[in-house]
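The values are calculated or read from the model by the stated rules, or taken from the named source; none is laboratory data. Since this is a predicted model, take the numbers as computed values, not measurements. Quick reminder, even Gly has a Cβ in these numbers, built from the backbone with ideal geometry, and neighbours come from all protein chains shown. These area figures cover heavy atoms from the full protein model, side chains too; ligands, DNA and RNA do not enter into them. Shrake-Rupley method; radii C 1.70, N 1.55, O 1.52, S 1.80 Å.
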Amino acid sequence: MSDSDDDIPQLSAATLAALQEFYTEERDGLVQSTIPVDKYSVGAVEEDWRMSQFWYSDETATRLVEEVIQEAGKGGRIACLSAPSVYQKLKQGVVEGSDGVSAVVLEYDRRFATYGQEFIFYDYNEPLALPEDVAPQSFDIVLADPPYLSEECLNKVAQTVKYLAKGKVLLCTGAIMEGHAEKLMGLKICSFLPKHNKNLANEFRCFTNYTSNLMS
């Protein structure tokens with residue numbers, strides 16, 4: 001994957017300084033591994049901001065899982081596109097109704113292959129290069145969080161979303177992408193403000209093509 005660094009969601013100065021300190025300590029052997037035992041815990045796979053990875057806060061992940069469960073319906077199928085922290089929260093089974101739906105995670109990062117058949121390798125530069133067993137319009141709702149804040153990236157992700165979704169789409173991305181989200185997928189901005197574990201300087205928002213509780 002390649003894109004301009006200007007398109008990567010930006011960390012706040014304080015968060016960036018803390019990350020730089022962490023990586024320095026990690027390099028010097030001062031940071032011990034704290035990987036959770038539960039492979040579905042958010043943080044079981046550490047985010048790598050150099051790959052434009054930013055996991056949601058627990059509260060945001062929970063709220064988004066509640067949303068996709070409700071919209072998918074009992075027995076529904078959910079696709080988490082570049083949104084592994086939502087997939088992880090769903091698979092923890094702590095949100096009511098999570099045992100009544102199925103989900104897959106589409107990711108470029110092959111560390112998520114630990115999730116077996118529910119992991120689908122995904123490179124947005126090849127938006128339709130999906131396994132043959134991933135049928136078109138086979139997911140009741142697709143939640144997508146493109147890795148870069150650019151029209152080029154969103155345009156390619158939109159191709160994937162349109163292939164996967166039966167109809168309902170929930171997009172999480174920078175507020176600056178509002179015009180492109182509406183033009184490419186007919187999505188409307190919601191009032192809900194998604195938050196990340198690491199503070200980002202960019203304002204993030206949710207967008208949907210259906211009437212959602214996230215709008216109020």
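Structure data summary
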{"read-out": "Positions within the stretch 114-151 being in a loop (DSSP other than H, G, I, E, B), open to solvent by 30 Å² or more (accessible area, probe 1.4 Å) and out of contact with any strand residue (DSSP E or B) (no Cβ under 8 Å at 6 or more places or on another chain), in sequence order", "value": "Asn125, Glu126, Leu128, Ala129, Glu132, Asp133, Ala135, Pro136"}
{"read-out": "When residues of the stretch 99-110 are limited to those that are in contact (Cβ under 8 Å) with a residue 40 or more places away in the chain and open to solvent by less than 20 Å² (accessible area, probe 1.4 Å), the one nearest to Leu64 (Cα to Cα)", "value": "Leu106"}
{"read-out": "Where a residue in the stretch 111-132 is touching a residue at least 12 places away in the same chain (Cβ under 8 Å) and β-branched (Val, Ile, Thr) and its partner, wherever it lies, is open to solvent by 50 Å² or more (accessible area, probe 1.4 Å) and assigned to a loop (DSSP other than H, G, I, E, B), with Cβ under 6 Å and at least six apart", "value": "Thr114/Lys39"}
{"read-out": "Residue within the stretch 168-186 that is out of contact with any Cys (no Cβ under 9 Å at 6 or more places or on another chain) and under 20 Å from Gly73 (Cβ atoms) present", "value": "yes"}
{"read-out": "Test result for Ala103, more than 17 Å from His196 (Cβ to Cβ) and either under 13 Å from the mean Cα position of the chain (by Cα) or modelled with pLDDT of 95 or more (or both)", "value": "yes"}
{"read-out": "Criterion violated by Ala158 - all others in (1) farther than 20 Å from Phe54 by Cβ; (2) part of a loop (DSSP other than H, G, I, E, B); (3) out of contact with any strand residue (DSSP E or B) (no Cβ under 8 Å at 6 or more places or on another chain) satisfied", "value": "(2)"}
{"read-out": "Hits in the stretch 164-183 - residues which are in a helix (DSSP H, G or I), closer than 17 Å to Leu149 by Cα and open to solvent by less than 40 Å² (accessible area, probe 1.4 Å)", "value": "Ala175, Met177, Ala181"}
{"read-out": "Verdict on Glu203 being at pLDDT below 95 and either surrounded by fewer than 21 Cβ atoms within 10 Å (Cβ to Cβ) or under 26 Å from Gly75 (Cβ atoms) (or both)", "value": "yes"}
{"read-out": "Glu96 vs. criteria part of a helix (DSSP H, G or I), more than 24 Å from Tyr148 (Cα to Cα) and open to solvent by 20 Å² or more (accessible area, probe 1.4 Å)", "value": "no"}
{"read-out": "Tally, over the stretch 70-93, of residues that are farther than 22 Å from Leu154 by Cα and open to solvent by 20 Å² or more (accessible area, probe 1.4 Å)", "value": "9"}
{"read-out": "Hits in the stretch 184-196 - residues which are assigned to a helix (DSSP H, G or I) and either touching a strand residue (DSSP E or B) at 6+ places or on another chain (Cβ under 7 Å) or loosely packed, with under 14 Cβ neighbours inside 10 Å (or both)", "value": "Met185"}
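Residue-by-condition table, conditions (1) over 18 Å from Leu64 (Cα atoms); (2) at pLDDT 95 or above; (3) among the acidic types (Asp, Glu):
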site: Leu171; (1), (2), (3): no, yes, no
site: His180; (1), (2), (3): yes, yes, no
site: Thr211; (1), (2), (3): no, yes, no
site: Ser216; (1), (2), (3): no, no, no
